[in-house]
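The values are calculated or read from the model by the stated rules, or taken from the named source; none is laboratory data. The structure presented is a predicted model; accordingly, all values stated were derived computationally and were not measured. Cβ placement follows ideal geometry from the backbone for every residue including glycine, while neighbour counts extend to all protein chains displayed. SASA here: full protein model, heavy atoms, side chains in, ligands and nucleic acids out. Shrake-Rupley method; radii C 1.70, N 1.55, O 1.52, S 1.80 Å.
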Amino acid sequence: MLEVQDLHAGYGQVEVLHGLSFSVPKGQVVTLIGSNGAGKTTTMRALSGMIRPRGGTIRLNGRDIAGLDSHAVAREGLAHSPEGRRVFPTLSVEDNLTLGAFPRLTGARPKGDVAADRERAFTLFPRLRERRNQLAGTLSGGEQQMLAMGRALMLRPDILLLDEPSMGLAPKLVEEVFRIIRQLKEERVTMLLVEQFAMAALGVADHAYVLENGRIRFQGPAAQLKSDPAVRAAYLGGH
Ligand code: ATP
């Protein structure tokens, strides 16, 4: 499904990713863990075309998408729910969701039933249904986070990138987000997950990569990393 080889990326003069290679098989959940500044968000941005990789290949369904802009990447089937509240603040909740399906509406992706998928998003996120006509900019931080996730799903993506979906959420809502990730996994949605709650991420993932200073330090089945004393001591303290 997604195959990343020797990915280099950074900002200005600074290279942050120094040659990452990893893959996300179809139907699986893969998590990237690592301390602050390791390069997790930069990896997500490079995959989704928010920043331009400086080297390497990113193959999605066999096609190299490295260097495509974010719209073109979405047309190839990759949806990104970015860190922070990246919704369209002056549009309603419902219109934000519909825009997530834009490549389907223009024929760049198979159309399917957009209205039914919007209803499904409201079923996954009942708080959004109650606020469907509210302007997205007036939602709480947590609600905006859920809207970003719902909007990404509206692409019917081949792979969903979730960057810190629980950021800024109250503990009850964090649980809710992980429940939704588990449900999506049962539906065989392929996901790449970055989470501050590394233990919870390892609990839901099939496979994990540990990033350190822009390089992959360890990788393995998530359950194995979760119980590895060295990994726990170095990366999972407190979570
Ligand atoms: P965190 O868990 O703290 O979000 P992360 O693993 O996601 O960490 P990144 O956000 O990818 O790490 O940051 C990696 C490095 O890139 C850091 O040194 C950071 O300061 C730098 N960086 C991130 N975004 C930018 C930017 N827009 N411009 C310049 N440098 C950046």
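Data overview
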read-out	value
From phi via Karplus (6.51, -1.76, 1.60), per-residue ³J(HN,Hα) for region 169-183 in Hz, x at Gly/Pro	8, 5, x, 5, 6, 4, 4, 4, 4, 5, 4, 5, 4, 5, 5
Additional length obtainable on full extension of the chain from residue 119 to residue 183, 0.36 nm per residue less Cα span	21.4 nm
Gain upon complete extension [residue 175, residue 35; 0.36 nm per residue less C-alpha separation]	48.2 nm
Sparsely packed GluC sites (Glu not before Pro) within region 184-225, loop by DSSP, other Cβ within 10 Å at most 12	187
Packing-based order for 85-94, 198-207, using average beta carbon neighbours within 10 Å, highest first	198-207, 85-94
For residue 228, residues with placed amide H under 5 Å, excluding near neighbours	none
Sparsely packed trypsin sites (Lys or Arg not before Pro) within region 108-204, loop by DSSP, other Cβ within 10 Å at most 16	111, 132, 188
Karplus (6.51, -1.76, 1.60) ³J(HN,Hα), θ = phi - 60°, over region 87-94, in Hz, Gly and Pro reported as x	10, 8, x, 8, 10, 5, 4, 4
Dipole magnitude of region 55-151, debye to nearest 20 (Cβ charges: Lys/Arg +1, Asp/Glu -1, about Cα centre)	100 debye
Phi to ³J(HN,Hα) by Karplus 6.51 cos²θ - 1.76 cosθ + 1.60 over region 146-154, Hz, x for Gly, Pro	5, 5, 4, 5, x, 5, 4, 5, 5
Lys, Arg +1 and Asp, Glu -1 on Cβ, resulting dipole of the chain about Cα centre, debye, nearest 20	240 debye
DSSP beta bridges in the chain [antiparallel fraction, %, rounded to 5]	60 percent
Carbon + sulfur, % of accessible area of the chain - ligands and nucleic acids excluded, 1.4 Å	49 percent
Region 87-157, accessible area per residue, ligands and nucleic acids excluded (1.4 Å, Å²)	44 Å²
Spatially proximal aspartates and glutamates relative to residue 172 (Cα-Cα < 17 Å; intrachain offsets below 8 disregarded)	143, 164, 195
